[in-house]
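Comments concern the structure below.
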Amino acid sequence: MDSKNLMKAAVVNEFKQELEIKEVPVPELEYGEILVKIKACGVCHTDLHAAHGDWPVKPKLPLIPGHEGVGIVEKVGEGVTSIKVGDRVGIPWLYSACGECEYCLTGRETLCPNQLNAGYSVDGGYAEYCKAPANYVVKVPENLSFEEVAPIFCAGVTTYKALKVSEAKPGDWVAIYGIGGLGHVALQYAKAMGFNVIAVDIQDDKLELAKELGADLTVNGMKTDPVQTIKDQVGGVQAAVSVAVTKKAFEQAYHSVKRGGTLVVVGLPNDELPIPIFDTVLNGVTVKGSIVGTRKDLQESLEFAAQGKVRTNIEVQPLDNINEVFKRMEDGKINGRVVLSIS
Ligand code: NAD
Ligand code: ZN
Ligand code: ZN
C-alpha cells in the first residue's frame with residue numbers, strides 16, 4: 001500500500017477483453033471486515049468464465065477476479081473478534097452469506113440466496129489487498145505455504161464436498177472426469193476417503209499426473225471410450241464427478257455410473273445435460289449439483305492438505321502474466337493449478 005492507498009490489481013473491464021494490470025484504491029473496511037495482504041491466489045477456470053461473461057448470471061464490472069486468495073491479515077475493522085492482525089487466512093468463493101435464511105440455518109450456507117461471491121459479485125484476490133467479512137474467511141494451516149494452500153480454497157473444498165455428497169463408500173469405484181485444477185485434487189481426496197479412482201481426461205500429461213497422484217486407472221477419452229472401458233473394467237462406478245468444461249464429459253460421466261449410483265455435476269460449461277429418463281428411472285441413478293463447500297467443509301479439506309494426504313500440483317506465476325495464463329487455460333495447457341504470486 002503506498003502513501004496514496006493504491007494497490008496493484010488485475011481488472012476485467014469488459015467481457016472477453018484482456019485483463020488490465022492497474023493501480024486501484026485499496027478497499028476501505030466496514031463493520032466486521034478485515035483487510036488481507038494477498039500473498040498468492042490460485043487461478044480457477046471459474047475466473048475465466050467470469051472474465052468471459054459465460055454464465056446466465058453475470059459478474060460485476062469492472063471486476064477483480066480470484067476466489068483462492070490467501071494472505072496475512074493487515075487490518076481488522078470495528079466489531080471483529082474472531083480474527084486478528086497477522087493471522088494467515090484465505091478468502092473463498094463463499095465471500096459471505098446472510099446467516100438467517102433456511103439454508104444458512106440448516107448448514108447449507110452455499111445455497112444462501114443472499115450470498116456474495118469473491119471475484120464475481122465482489123472483488124477478489126487478483127490484487128495486493130482484498131477485504132472480506134471476518135466471519136467468512138478461513139484460517140490457513142501453519143505448515144502449508146501460501147502458494148501450495150491457495151488451490152484448496154476452491155479446487156480442494158469443491159471436490160471434497162462433491163465426493164461427500166456422492167455418498168460413495170470406502171471400497172467403491174469413483175470416476176473423476178477432467179483432471180485439471182479441480183480434478184487433480186479430487187482424485188487425491190477420493191483416494192484419501194478410501195475410494196478406488198478412475199481418472200478420465202483427454203490429454204496424456206494430465207493422466208500421467210493422475211497416476212503419480214494415485215489414480216488406480218486412467219482413461220484418455222480421446223483415444224478410448226471411457227464409458228465402455230469403465231463398464232468392462234469395473235462394471236460401472238458408484239459415483240462419477242464431472243469437473244470438465246465440456247458437455248461430452250458430462251454425458252460420459254452419466255453413462256459410467258452403475259445402477260443405484262450418482263453423477264455429481266461440478267464443472268460449469270454453459271450447456272444442457274441430456275439425461276435419458278428411462279435409464280435414470282430404471283437404474284435408480286441420482287444426479288446432483290454441488291457448489292463449492294461450507295466453511296466447515298473448507299476446514300476439513302484444509303486438514304487433509306495439512307496432513308499431506310492431498311498435495312496441489314502448482315505452477316507459480318506473477319500477477320502480470322494473468323492474460324497468458326488465461327490463454328493457456330483456454331487451450332487446456334495447464335497441468336494442475338497456476339497460482340499467482342502476489343506481493
Ligand atoms: P481446468 O481447466 O483446470 O480443468 C478442466 C479439465 O478438463 C482439463 O484437464 C481438461 O483437459 C479436461 N477436459 C476437457 N474436456 C474433457 C473431456 N471431454 N473429458 C475429460 N476431461 C476433459 O478447470 P478447473 O479449474 O478444474 O474447473 C473446472 C470446471 O469446474 C469449470 O467449469 C469451473 O467453473 C467449475 N467449477 C465449479 C465449482 C463448483 O463449485 N461447482 C467450483 C470450482 C470450479
Ligand atoms: Zn473456483
Ligand atoms: Zn442465508
Expressed as an acute angle from 0 to 90° and rounded to the nearest 10, what is the orientation of the C-alpha long axis of helix 181-192 relative to the principal long axis of the chain?
-> 60 degrees
Can you pull the percent of the range 197-343's accessible area that's carbon plus sulfur, 1.4 Å probe, other chains left in place?
-> 49 percent
Per residue convex hull volume, Cα only, the range 156-289, in Å³ is 91 Å³
Helix 247-256 sits off the longest principal axis of the Cα atoms of the chain, rounded to the nearest 10 on a 0 to 90 degree scale, by 50 degrees
Between the modelled labels at Lys333 and His52 (7 Å from Cα along Cα→Cβ) the distance in nm is 1.6 nm
His49 accessible area, nearest 10 Å², 1.4 Å probe?
-> 10 Å²
Putting +1 on Lys and Arg Cβ atoms and -1 on Asp and Glu Cβ atoms, find which of Val266, Val219, His184 reaches farthest to the positive end of the dipole of the range 156-289.
-> Val266
If the label point sits 7 Å along Cα→Cβ of Glu212, residues of the range 321-343 with amide N under 15 Å come out as 334-338
Sorted by chain and then number, the residues having a modelled amide H within less than 5 Å of the amide H of Trp173, at least 5 places away or on another chain, are Asn196, Gln238
Quick one: grab the alpha carbon gyration tensor of the range 1-89, order the square roots of its eigenvalues as a ≥ b ≥ c, and give me rounded if a/c is under 1.5, else prolate or oblate depending on whether a/b is larger than b/c.
-> prolate
Solvent-accessible area per residue, Å², over the range 18-175 with all protein chains present [probe radius 1.4 Å] | 40 Å²
Calculated FRET efficiency, Ile275 and Lys75, Cβ-Cβ r, R0 41 Å, to nearest 0.05?
-> 0.25
What does the charge count near Leu48 come to, summing +1 for each Lys or Arg and -1 for each Asp or Glu among other residues with Cβ under 15 Å from its Cβ?
-> -2
With θ set to phi - 60° and the Karplus curve 6.51 cos²θ - 1.76 cosθ + 1.60, what are the ³J(HN,Hα) couplings of the range 4-9 in order, to the nearest whole Hz, using x for Gly and Pro?
-> 8, 6, 10, 9, 7, 8
Quick one: net charge of His67's neighbours, Cβ under 12 Å, K/R +1, D/E -1?
-> -3
Calculated from backbone phi, Karplus (6.51, -1.76, 1.60) coupling profile of the range 22-31 in Hz, x at Gly/Pro | 8, 8, 9, x, 5, x, 8, 7, 10, 3
Relative contact order of the range 156-289 (C-alpha contacts under 8 Å, at least 6 apart) in percent is 23 percent
Interchain or sequence-distant (5+) residues whose placed amide H lies within less than 5 Å of the amide H of Trp93 are none
0 to 90° range, to nearest 10: angle between helix 155-166 axis and the chain longest Cα axis | 40 degrees
Anisotropy class of the chain from Cα gyration tensor, a/c 1.5 cut = prolate
Protection proxy (average C-beta count within 10 Å per residue), highest first, orders 98-109, 252-263 as 252-263, 98-109
Computed on Cα atoms, Rg of the range 228-299 relative to 2.2 N^0.38 Å comes out at 1.16
Arranged from highest to lowest average of other beta-carbon atoms within 10 Å per residue, in what order do the peptides 171-178, 196-203, 28-35, 8-15 appear?
-> 171-178, 196-203, 8-15, 28-35
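The values are calculated or read from the model by the stated rules, or taken from the named source; none is laboratory data. Because the structure is predicted, anything quoted here is derived from the model rather than measured. No Cβ is skipped: glycine too gets one built from the backbone with ideal geometry, and neighbour counts run over all protein chains shown. These area figures cover heavy atoms from the full protein model, side chains too; ligands, DNA and RNA do not enter into them. Shrake-Rupley method; radii C 1.70, N 1.55, O 1.52, S 1.80 Å.
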